[in-house]
Amino acid sequence: MKKYKKDTDIVHGVHQTYITSQDLVPPIHMTSTYHFSNAEHGADLFAGRGSGFIYSRISNPSLELLQDKVALLEGGETAIATASGMSAVASAAMTLAGPGDNFLSCTTIYGGSYALFQKHLPKYNILPRFISPSAATDPAAIENMTDSKTRFLYLETPANPTLDILDIRVWADIARGRKIPLIVDNTFASPYLQRPLELGADIVIHSATKYLNGHGDVVGGIIVADREICTAVREHYFNHFGPVMSPFNAWLISRGIKTLAVRMEKHCDSAMQIAQWLEAHPNVSRVWYPGLTSHPGHETAGRQMEKFGGMIAFEVKGGIKAGRKVMNTVKLCILAVSLGDCESLIQHPASMTHGTYSAEERKKAGISDGLIRLSVGLEDPADIMADLDQAMKQSASE
Ligand SMILES: Cc1ncc(COP(=O)(O)O)c(C=O)c1O
């Protein structure tokens, strides 16, 4: 399906296939159901024969455009758009594993995914195993955490919120050896920076709420995989649990993706500049950014990502007390969860996105109480630095 270079596919890819009029932009298909041409046509579609739409919980042209587009950008066969990133994670996990099975995830992942794995899947006797960030770079340690009941491997890289980097090829080799799929949550990188399927992963998941949409006005998710896996997700979970994306949200995300290349370039360049500046700042005790040579995953990130992303974590001197003051004193950066938007967003993982972890679990995951997460927006980086600088100075002077 790939026809052009990446930046061109980001703008044009698949859109023209969905245009049946003289419009530049395909319309939003706001319809819940579809008119069958006759009873036989309806019966055929229900039996999986012929082409056409049945009902928008199952499929809709606006969703198909988005699915085809993200599949194209990720280098996957097909995709499923979901109501949220969380429903993408849940749909994949609940399709691949059943009662009595286990799966292996890294300890450091988005707090909502951690809660799903740790608190909810065990109710269905689907049991998570968590590998610590340090062991997750050791193939023997990963292998040792799996057995004949392990149904999939799951990782985030860069991980939320510590920006840990895991070697996708290493995890993919282990998954292949065990004949189980590797799921990679590619939310922090986006397909512009990293394409896990090309590195051996089997399933890519996104919170499309973030960089794919990029404008902070939609919640959505997507699963990219081969047809066999996507059909299984639809049949075993999705069509009947029903976490479907609305056509309007699909249209907005497809529109957002058209500017992914320019947005990611700016997010990455500004984040690199801000991370270097933070690392040299007298009020900062530590910075986590994969683009810094001080980051333990710098080399791996350089191999599997095209740039280092727009997310930074840092700790100010004075720990959580000082950090809280910084978050309360910023004027330009917005104190809010989520990421990948035009606006710079700042938040406190230990009490917000990762409040689903106990204090002990956070310690194991390397999420310190003083860690602040910054999603670098599209503003002038000088203004972001000036804002952080005034906030840190004010916090230090109190
Ligand atoms: C890495 C990652 N995966 C998944 C999710 C869940 O996505 P959503 O909020 O769209 O349900 C998030 C949300 O922040 C995330 O950061």
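Quick check: from the Cα gyration tensor, does the range 104-170 come out rounded (a/c under 1.5), prolate or oblate?
oblate
Per residue of the range 137-142, in order, report the coupling 6.51 cos²θ - 1.76 cosθ + 1.60 (Karplus, θ = phi - 60°) as ³J(HN,Hα) in whole Hz, putting x for Gly and Pro.
My calculation for the range 137-142 gives 9, 10, x, 5, 5, 5 Hz in order.
Out of residues 5 or more away from G220 or on other chains, whose amide H comes under 5 Å of its own, with H placed 1.01 Å from N in the peptide plane?
It is G85, A208, T209, by chain and number.
Counting helices only, and only those DSSP H runs with n ≥ 4, report the 222 nm mean residue ellipticity of the chain as the sum of -39,500 (n - 2.57) divided by its residues, in deg cm²/dmol to the nearest 500.
It comes out at -11000 deg cm²/dmol, rounded to the nearest 500.
I'd like to compare 60-67, 287-294: which one has the highest average count of other Cβ atoms within 10 Å, and what's the full order after that?
60-67, 287-294
If you place +1 on the Cβ of every Lys and Arg, -1 on the Cβ of every Asp and Glu, and leave all else neutral, what size is the dipole of the range 126-272 about its Cα centre, to the nearest 20 Debye?
Values: 15 positive and 16 negative charges, 73 e Å.
Result for the range 126-272 is approximately 360 debye, rounded to the nearest 20.
By how many nm would the segment from A382 to N239 lengthen if fully extended, with 0.36 nm per residue of separation less the alpha-carbon distance?
46.7 nm
Can you count the Lys pairs in the range 317-398 with C-alpha separation below 27 Å, eight or more apart or on different chains?
Value for the range 317-398: 13.
Would you look at the GNM of the chain, springs on alpha carbons closer than 10 Å, and say which of F188, F53, F248 moves the most?
Highest fluctuation among the options: F53.
Dipole size in debye (nearest 20) for the chain around its Cα centre, Lys and Arg Cβ +1, Asp and Glu Cβ -1? Present the calculation step by step, with values, prior to reporting the outcome.
Details: 37 positive and 41 negative charges, 105 e Å.
Here the size comes out at about 500 debye.
Set the Förster radius R0 to 22 Å, insert the Cβ-Cβ distance between S294 and E361 as r into 1/(1 + (r/R0)^6), and round the FRET efficiency to 0.05.
According to the calculation, E is roughly 0.30.
Looking at the square roots a ≥ b ≥ c of the eigenvalues of the Cα gyration tensor of the range 332-398, which shape do they give, rounded for a/c under 1.5, prolate if a/b is larger than b/c, or oblate?
oblate
Please give the net charge around I142, taking every other residue with its beta carbon less than 11 angstrom from that of I142, where Lys and Arg add +1 and Asp and Glu add -1.
Value of the local net charge: -2.
Would you mind counting up the charge near H354? Only other residues with Cβ under 15 Å from its Cβ, with Lys and Arg at +1 and Asp and Glu at -1.
Values: positive: K119, R362, K363, K364, R373; negative: E156, D164, D185, E315, E360, E361, D369.
Around H354, the charge tally is -2.
Select from H215, H12, H267 the residue whose mean-square fluctuation is largest in a Gaussian network model of the chain (Cα-Cα springs shorter than 10 Å).
With Cα springs under 10 Å in the chain, the top fluctuation among H215, H12, H267 is at H12.
Which shape class applies to the range 29-125: rounded if a/c is under 1.5, otherwise prolate when a/b exceeds b/c and oblate if not, where a ≥ b ≥ c are the square roots of the Cα gyration tensor eigenvalues? If you can, show how the numbers build up before the last one.
Details: a/c = 2.67, a/b = 1.93, b/c = 1.38.
Note, shape of the range 29-125 comes out prolate.
Need the full-extension length gain, K3 to E143, defined as separation in residues times 0.36 nm minus the C-alpha distance. One decimal, nm. Numbers along the way, then the final one.
On the way: separation 140, 0.36 × 140 = 50.40 nm, distance 3.84 nm.
Length gained between K3 and E143: 46.6 nm.
7 Å from Cα along Cα→Cβ at both A135 and A115: what's the point-to-point distance in nm?
Simple spin-label model gives 2.6 nm for this pair.
Give me the net charge of D269's neighbourhood, meaning all other residues with Cβ under 13 Å from the Cβ of D269; Lys, Arg count +1, Asp, Glu -1. The partial results should precede the final answer.
Details: positive: R263, K266, K307; negative: E265, E306, E379, D380.
Its environment carries a net charge of -1.
How much length is gained if the chain between S37 and K179 is pulled fully straight, taking 0.36 nm per residue apart and subtracting their Cα-Cα distance, in nm to one decimal?
On the way: separation 142, 0.36 × 142 = 51.12 nm, distance 4.35 nm.
Answer, rounded to one decimal: 46.8 nm.
Each value in this text was obtained by applying a stated rule to the coordinates, not by laboratory testing. In this text, all values refer to a predicted model and were calculated from it rather than measured experimentally. Positions of Cβ are generated from backbone atoms using ideal geometry, with glycine treated the same way; all protein chains shown enter the neighbour counts.
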